[in-house]
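Okay, structure first, notes after.
The values are calculated or read from the model by the stated rules, or taken from the named source; none is laboratory data. What you see is a predicted model, and the numbers here were worked out from it, not measured in a lab. Neighbour counts run over all protein chains shown; Cβ positions are idealised from the backbone, glycine included. Accessible surface is based on the protein model in full, side chains and every heavy atom, while ligands, DNA and RNA are left aside. Shrake-Rupley method; radii C 1.70, N 1.55, O 1.52, S 1.80 Å.
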Amino acid sequence: MGADGLLSGAGGPDGGSRRWLGSQTLTTEFGRRIGRDMIIYALAGVSVLLVSLVMLVVYTHYLPPAQYGKLAILFFTSALLTVVLNLIPLAGILRWVYVAGEAAVGAVDDPNRQAPGGTKRRALGTGCWMNAAFIAIGAGVLVPLAHPLARLLVGRSSGSGWVLLAIASGAAGSLFRLTSNVVRMERRPVAFSLILAARGFVTVAVATPLVVAGDGINGALLGTLAGSLLPGIAAVLVSRESYSAEFSWYDFRQITDLGAKYIFVILGLFVVHNGDPFVLSRFASDAEVGIYRVATRLSSIISYLVSAFLLAWAPMERSTLFQATYQRYGRAQVHKKLVTYYVVAGLTVMVGLSLGGDVLVRLSPPKYWGAANLIPFTSFAFLIYGLFVVVARTTHHRHRDFVHNASAALGAILYVAIAAALVPRWGGYGLAVSATVGMGAACAWFRAINRTASHHAPFDWPRVTAAAVIAVGCVALGDARAVGHGALRAALLLLDFLVLYPALLLALGVVPWEEAKAIYPTLRSLVGLLLAPLRRGGRDEATIRALATLAPDDLVLLRRLTKDRQRSSEVAASAAMPVSVVEARAARMLRELTGAPGSERDDAAIGNWLFSGKTVAEQDVVRHYLERYGVDIMTLQPVEEAAAAARALPQRAWPE
């Protein structure tokens, strides 16, 4: 494949005669699926962002900067406790059950070390018992220390009630973080996004009336507590079939061992990403902390978009579609494109936030407007933080745990050390610069040790550098305050962002015309997917035409297995047929309808993979087994996509 094959469409027919999915190429389907999941997660992020803006308005209008600064420190304490309580259980669960790396340690972990098939539910239940034990131990240790912690955090022992609420909020947050991640890793992006959005809306519904009524910090912390606890319980109910109440010492040892190897990664990234209020509070006044918090809340828009990309990546990379794309184009080439377009997209959001900072900051009272000048620095720090995560996820070393821990620790140590030198003189600006330099050094560490990596994504340095220069130039141009005032200035800023910036990206080859034209079919397909529910009742004509070619008995069989979500054992029992016959018949139908290659000898195993009612984690084990024993991923991918398309088809659209 040529260097530009991934986006130019080179490299073969992309999936053979996939009649079910029309003329879409594998590249288009890849972009459509990851784009769809990103949009779903981004919509959840938008809801969280809107909630954050509402809370920003409420808190800044009813709390003076000094109190808002104290609240920021208590929120940091709660978030830190959440991470500590999840430190080993969550990371261990993701590695042992879902073969996925937590934080920046890789979207896909070592498949040779995972819970055996048939034990995934037990392993997940064991991890939940572990997390409950961590919560009990943490409460037992921290609650008696509420008074000294209050003196440390907010400067007075009378704030112990705030500290107790922060501890309770952190415990509830650990429950939410674990249970919601199970929903995400089961590849249920809509359910995960609704749960994530519910967290914000519950927080607003509880906190707003309390803060307005004068409860101040207490009301804000109670809202956060309710916002984690109630959606966390809902997440358990949504994914209840994934859990078992069993406890296994074998799973306990594996989860502990795997989770403990990520401690420095998770803590290091948390310090850089969330520690800014606490670090700044050591060198600046509470009022300065409050103003800096406004800047980070506004610039966190880029953080939500980065999160949407990373949230979609980890579950999707375990799917057949991702693996088929890797096989077709090569893992390094796919990762190179992902890194390049992550940087371009992130810089685009940074430019928009920087140019619109004066408008955004006016959501707060005038005493907070000084945060506008901080937004370019804090948003760029978020971008570099996300770049570290992307680089880490696309780099694999023989000693991966050591390398990733050392890199995150390096970033955190540099961040704190540089902040100690810069913050006393530059305040929030020094803190943003410290975060940028710390995580930039961690990224450089990965580049420096690439010779020891078994795989890494090559950087497209000319395009990345050009994108950065264009972004900085457009921000500097927009910051020329002497040019224009009022409506004229707003028009010039829009012209800068909507015309000049994209024109420079195209003119200087950051986004080549060939790739811009190749991206169009993916975007068109994605828009069509999103608008499908508004068109003719959400009918998928390609799927309907494919199903209409089936014999009546085959159509009934496939409908029961897909739309009605019956297990193959249930269908076999009602039809008085062997389960293997039912599964083989369904798989053979899907292969023939999609034109997927394959052999009839594998149909029963493929049908069992798709229709036996296994959880996603168990299905992935079976898929790895099928690939190991010779079933081509190019057979599995279109068959799975076809089954998903049939499952998503509305009842009324099925042929009679």
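Give the stretch 142-166 a look and list any residue that's of a type in the set (Val, Ile, Thr) and surrounded by 23 or more Cβ atoms within 10 Å (Cβ to Cβ), or say none.
The answer is Val154, Val163.
Regarding Ala345, is this residue surrounded by fewer than 23 Cβ atoms within 10 Å (Cβ to Cβ), closer than 23 Å to Ile40 by Cβ and among the small types (Gly, Ala, Ser)?
yes
How many residues does the stretch 646-656 contain that are surrounded by fewer than 20 Cβ atoms within 10 Å (Cβ to Cβ) and either in a helix (DSSP H, G or I) or basic (Lys, Arg) (or both)?
Within the stretch 646-656, residues that are surrounded by fewer than 20 Cβ atoms within 10 Å (Cβ to Cβ) and either in a helix (DSSP H, G or I) or basic (Lys, Arg) (or both) number 5.
Of all residues in the stretch 384-401, how many are open to solvent by 10 Å² or more (accessible area, probe 1.4 Å) and in a helix (DSSP H, G or I)?
The total comes to 6.
Trp249 versus (1) at pLDDT 85 or above; (2) under 25 Å from the mean Cα position of the chain (by Cα): which is the lone unmet condition?
(2)
Would you call Arg113 assigned to a loop (DSSP other than H, G, I, E, B), of a type in the set (Lys, Arg) and at pLDDT below 90?
Here the answer is yes, as Arg113 does meet what is asked.
Every residue in the stretch 437-457 that is modelled with pLDDT of 80 or more and either small (Gly, Ala, Ser) or open to solvent by 30 Å² or more (accessible area, probe 1.4 Å) (or both), please.
Scanning the stretch 437-457 gives Val437, Gly438, Gly440, Ala441, Ala442, Ala444, Trp445.
Go through (1) closer than 24 Å to Leu353 by Cα; (2) surrounded by 23 or more Cβ atoms within 10 Å (Cβ to Cβ); (3) touching a Gly at 6+ places or on another chain (Cβ under 9 Å) one by one and return the number of the condition Leu431 breaks.
Going through the list (1) closer than 24 Å to Leu353 by Cα; (2) surrounded by 23 or more Cβ atoms within 10 Å (Cβ to Cβ); (3) touching a Gly at 6+ places or on another chain (Cβ under 9 Å), Leu431 breaks only (3).
For the stretch 623-632, state whether one or more residues are open to solvent by less than 60 Å² (accessible area, probe 1.4 Å), aliphatic (A, V, I, L, M) and in contact (Cβ under 8 Å) with a residue 40 or more places away in the chain.
No - not one qualifying residue is present in the stretch 623-632.
Residues in the stretch 135-156: is at least one touching a Phe, Trp or Tyr at 6+ places or on another chain (Cβ under 6 Å) and among the β-branched types (Val, Ile, Thr)?
No, the stretch 135-156 has no match at all.
Conditions first: (1) more than 19 Å from the chain's Cα centre (by Cα); (2) crowded, with 23+ Cβ neighbours inside 10 Å; (3) not polar (S, T, N, Q). Val359 passes all but one, so which condition is the exception?
(2)
Being modelled with pLDDT of 80 or more, farther than 29 Å from Met316 by Cβ and assigned to a helix (DSSP H, G or I), is that true of even one residue in the stretch 45-55?
Yes - at least one qualifying residue is present in the stretch 45-55.
Scan the stretch 179-193 and report the pairs whose first residue is under 17 Å from Trp129 (Cα atoms) and whose second residue is outside any helix (DSSP H, G or I) and of a type in the set (S, T, N, Q), with Cβ atoms within less than 7 Å and a gap of 6+ or a chain change.
Hits for this filter: Val182/Ser239.
Regarding Gly352, is this residue assigned to a helix (DSSP H, G or I) and either in contact with a strand residue (DSSP E or B) (Cβ under 6 Å, 6 or more places away or on another chain) or surrounded by fewer than 23 Cβ atoms within 10 Å (Cβ to Cβ) (or both)?
Considered against the rule, which asks whether it is assigned to a helix (DSSP H, G or I) and either in contact with a strand residue (DSSP E or B) (Cβ under 6 Å, 6 or more places away or on another chain) or surrounded by fewer than 23 Cβ atoms within 10 Å (Cβ to Cβ) (or both), Gly352 comes out as yes.
Restricting attention to the stretch 245-283, report how many residues are part of a loop (DSSP other than H, G, I, E, B) and open to solvent by less than 20 Å² (accessible area, probe 1.4 Å).
Of the residues in that region, 3 qualify.
Quick one: count up the residues across the stretch 288-317 that are open to solvent by 40 Å² or more (accessible area, probe 1.4 Å) and either touching an Asp or Glu at 6+ places or on another chain (Cβ under 6 Å) or closer than 19 Å to Thr77 by Cα (or both).
4
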